[in-house]
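Step one of this worksheet: look at the structure below.
The values are calculated or read from the model by the stated rules, or taken from the named source; none is laboratory data. Bear in mind that the values here come from a model prediction, so they are computed numbers and not experimental data. Counting neighbours? That spans all protein chains shown, and the Cβs are built from the backbone with ideal geometry, glycine included. Protein only, heavy atoms only, side chains kept; ligands, DNA and RNA dropped before computing areas. Shrake-Rupley method; radii C 1.70, N 1.55, O 1.52, S 1.80 Å.
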Amino acid sequence: MTQGRLAGKTILISGGASGIGLATARRALTQGAHVAIGDIDAAAGERAARETPGLHFVRLDVTSDASWAAAVDDVRTRFRRIDGVVNSAGIFLIGDIETCSDEDWRKTHAVNLDGVFYGCRHAVRAMKHHGGSIVNMSSVSGIVGGHNVLAYNSSKGAVRMLSKSIALHCARKGYKIRCNSVHPTFVDTPMFRDTIDHAREPERIRAALLAQVPLGRPAAPEEIADLIVYLLSDESAFVTGAEMVIDGGLTAQ
Ligand SMILES: NC(=O)c1ccc[n+]([C@@H]2O[C@H](COP(=O)([O-])OP(=O)(O)OC[C@H]3O[C@@H](n4cnc5c(N)ncnc54)[C@H](O)[C@@H]3O)[C@@H](O)[C@H]2O)c1
């Protein structure tokens, strides 16, 4: 496709087999991009690729630098270049300062923070000679605290600052690579639904969470995807180092 807001661009999306990543992949395809999704869940990734004409799946464990190197090389071999990387892979574990285990702390940071660090490292390597856009999924949890989301808060806050540092480095080097973070509140994806389903009183918890959102509902993944497409497109050419809040008004209160 030669038309669309991402015409001619190649985009790699980590965590692209589900939720926000998959919605972004589908939106990007409709906007003329070549799209590859990378995910640790090969069954879901292959299914998504089968069901979505034009979508390419690569195996990717974001916690491994070598896995990122292989995935980026695979996409560059197939499509010749990469113009955008979306770091959407993430996990959400409940725990506070007294209950968070070493294992949960490390696992959360391995996926949510190390995974973004490696993704950005390889994105810069792949795009430094022609420019591009990096979009990192943080959360409102990267801006405001929650009493029982200790490791998630920590990892998402770090992604917010990591993104700004990368944006400034690339600007200083003249790489024409922009880097921004995205901060949603509740989004209706398997991550959100599984968290609620595993709660002791799912209906009460869902109502209590949504009561915090002035617009009174979770976001649809496609609504987050539309913001990400904007950040990947040339329409956002002057946007870098920004934290894009998309939260139904939650942090305005
Ligand atoms: N859903 C929400 O309410 C919400 C709110 C704010 C921020 N976010 C963030 O948005 C991003 C996407 O979340 P989602 O709701 O689409 O979740 P999701 O669970 O639907 O999708 C996450 C994907 O990441 C993949 N993944 C997990 N570990 C991986 C690894 N080691 N390597 C590669 N892939 C891995 C999973 O297999 C899955 O396909 C996450 O970073 C999440 O923290 C989500």
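If you filter region 151-186 down to residues that are more than 12 Å from the ligand (Cβ to nearest atom) and of a type in the set (Lys, Arg), you find that the one that is surrounded by the most Cβ atoms within 10 Å (Cβ to Cβ) is ARG178. So for region 91-101 (the condition being in contact (Cβ under 8 Å) with a residue 60 or more places away in the chain and among the acidic types (Asp, Glu)), does at least one residue qualify? Scanning region 91-101, I find no residue that is in contact (Cβ under 8 Å) with a residue 60 or more places away in the chain and among the acidic types (Asp, Glu), so the answer is no. Scanning region 113-147 for residues that are touching a helix residue (DSSP H, G or I) at 6+ places or on another chain (Cβ under 7 Å), assigned to a helix (DSSP H, G or I) and small (Gly, Ala, Ser) gives GLY119, ALA126, SER141, GLY142.
For region 1-17, the set of residues classified as at pLDDT 95 or above and either open to solvent by 50 Å² or more (accessible area, probe 1.4 Å) or not in a loop (DSSP other than H, G, I, E, B) (or both) consists of ARG5, GLY8, THR10, ILE11, LEU12, ILE13, SER14, listed by residue number.
Rundown of residues vs (1) within 11 Å of the ligand (Cβ to nearest atom); (2) closer than 25 Å to ILE13 by Cβ; (3) open to solvent by less than 20 Å² (accessible area, probe 1.4 Å), yes/no style:
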position	(1), (2), (3)
ASP188	yes, yes, no
THR195	yes, yes, no
ALA207	no, no, no
ALA211	no, no, no
GLY216	no, no, no
ASP226	no, yes, no
THR240	no, yes, no
THR251	no, no, no
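Within region 24-35, the set of residues being open to solvent by less than 10 Å² (accessible area, probe 1.4 Å), within 13 Å of the ligand (Cβ to nearest atom) and in contact (Cβ under 8 Å) with a residue 40 or more places away in the chain comprises just one member, THR24. Of the candidates VAL144, VAL135, VAL72, VAL86, the single residue that is open to solvent by 20 Å² or more (accessible area, probe 1.4 Å), in contact (Cβ under 8 Å) with a residue 60 or more places away in the chain, over 21 Å from ASP194 (Cβ atoms) and β-branched (Val, Ile, Thr) is VAL144. Give ALA167, ALA158 a once-over and let me know the one that is free of Cβ contacts under 8 Å to residues at least 60 places away in the same chain and either within 22 Å of ASP114 (Cβ to Cβ) or part of a strand (DSSP E or B) (or both). Just a single option satisfies the conditions, and that option is ALA158. Restricting attention to region 49-69 and to residues that are surrounded by fewer than 22 Cβ atoms within 10 Å (Cβ to Cβ) and near the ligand (Cβ under 10 Å from one of its atoms), the residue that is nearest to ALA17 (Cα to Cα) turns out to be ARG59.
Filtered by the rule that a residue be more than 21 Å from VAL111 (Cα to Cα) and either touching a Pro at 6+ places or on another chain (Cβ under 9 Å) or not hydroxyl-bearing (Ser, Thr, Tyr) (or both), region 30-45 gives GLN31, GLY32, ALA33, HIS34, VAL35. The one condition from (1) part of a helix (DSSP H, G or I); (2) of a type outside the set (D, E, K, R); (3) within 27 Å of VAL239 (Cβ to Cβ); (4) open to solvent by 10 Å² or more (accessible area, probe 1.4 Å) that ALA110 does not meet is (3).
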